[in-house]
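A short worksheet on the structure shown next.
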Amino acid sequence: MALDPEQEVPPTPSRLAWMIKNVDLLAPRDGRQWRILRDRVSDPDAVQKALKSLERGDVADIPRKLQLEGKTHADCLIECEHAFVWIEGKRFDWLSPSTDWDISRDQIARNLEACWSLASEAGKDYRLIICHEHRLKHHEARLLEGYRQATWFAGWPHVPDEQRREFAARIGTLTWQEIAQEWPGLRTLPELNDLTPMTA
């Protein structure tokens, strides 16, 4: 189990390649940075070399300038005999709706794809569990609904439809209250002693 330090997982080669090929479709989180984004892909030779590396599945040799998405971090990553379980823990914060260079690349999309990539390498199944305490924020609830119903896929434009449908079935939610109800002793932990009580 990876807990501390947090497991870091780089974006998939297909994700990085899609971003480079479709840079004109990307909207930076800070709209004033669009010139910087264009400059990062301004060397055609470097771009073609990077795309060839990504076609081979090689992320390591991609220049930092062309890595338009960084590593994502698991709050808790559990590797079981037959599956990986990626837990995204939220108490007083919320799911990030975007990355620096793509406002539609949210935390659900990044983390589920990261978990899938680890599981694929190991020949295992995978799940993303969002653990929260309070009612989900509006954007979180809508993202979750869209991904589960396969009606929203802006975070996975590089992923085939069949894979998106598989992803849709592997997103779960769990509240901290439900966990503490199952294991009451958790409420004695300093990190959880202020946990909101269960309500009827």
Going through region 182-200 in order, the residues found to be assigned to a helix (DSSP H, G or I), under 28 Å from the mean Cα position of the chain (by Cα) and modelled with pLDDT of 80 or more are 182
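Under the condition of being in a loop (DSSP other than H, G, I, E, B) and among the polar types (S, T, N, Q), which residue from region 13-47 is surrounded by the fewest Cβ atoms within 10 Å (Cβ to Cβ)? Full working, then the answer.
Pass one, region 13-47, residues in a loop (DSSP other than H, G, I, E, B): 22, 26-30, 41-43.
Now restrict to residues that are among the polar types (S, T, N, Q): 22, 42.
On the way: 22: 12, 42: 10.
Taking the candidates together, the pick is 42.
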Of the listed residues (121, 113, 140), the one being more than 20 Å from residue 7 (Cα to Cα) and assigned to a helix (DSSP H, G or I) is 140
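Listed here are the residues, each with its yes/no results for (1) within 25 Å of residue 153 (Cα to Cα); (2) within 21 Å of the chain's Cα centre (by Cα); (3) among the aliphatic types (A, V, I, L, M).
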| position | (1), (2), (3) |
| --- | --- |
| 12 | yes, yes, no |
| 23 | yes, yes, yes |
| 35 | no, no, no |
| 39 | no, no, no |
| 42 | no, no, no |
| 84 | yes, yes, no |
| 98 | yes, yes, no |
| 101 | yes, yes, no |
Taking region 48-67 and the residues there that are under 14 Å from residue 19 (Cβ atoms) and assigned to a loop (DSSP other than H, G, I, E, B), the one that is modelled with the lowest pLDDT would be 59
With respect to residue 188, determine if the residue is free of Cβ contacts under 8 Å to residues at least 60 places away in the same chain, under 30 Å from residue 23 (Cβ atoms) and surrounded by fewer than 17 Cβ atoms within 10 Å (Cβ to Cβ). no
What is the residue count in region 48-75 for residues that are exposed (fewer than 12 other Cβ atoms within 10 Å of the Cβ) and within 23 Å of the chain's Cα centre (by Cα)? 6
Look at residue 167 and say whether it is crowded, with 16+ Cβ neighbours inside 10 Å and part of a helix (DSSP H, G or I). yes
Boolean, residue 151 is of a type in the set (S, T, N, Q), loosely packed, with under 14 Cβ neighbours inside 10 Å and on the phi < 0 side of the Ramachandran plot: yes
Mind checking which pairs have a first residue in region 25-38 that is more than 14 Å from residue 65 (Cβ to Cβ) and a second that is outside any loop (DSSP other than H, G, I, E, B), Cβ under 6 Å, 6 or more apart or different chains? 26/102; 28/34; 28/37
Counted residues in region 39-63 being without any contact (Cβ under 8 Å) to a residue 40 or more places away in the chain and either in contact with a helix residue (DSSP H, G or I) (Cβ under 7 Å, 6 or more places away or on another chain) or in the same structural domain as residue 170 (by TED's automatic domain parsing) (or both) come to 8
Touching a helix residue (DSSP H, G or I) at 6+ places or on another chain (Cβ under 6 Å) and among the aliphatic types (A, V, I, L, M): which single residue out of 109, 180 fits that description? 180
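The values are calculated or read from the model by the stated rules, or taken from the named source; none is laboratory data. If you're wondering where the values come from, they're calculated on a predicted model, not measured in any experiment. All Cβ positions, even for glycine, are placed from backbone atoms using ideal geometry, and neighbour counts span all protein chains on display.
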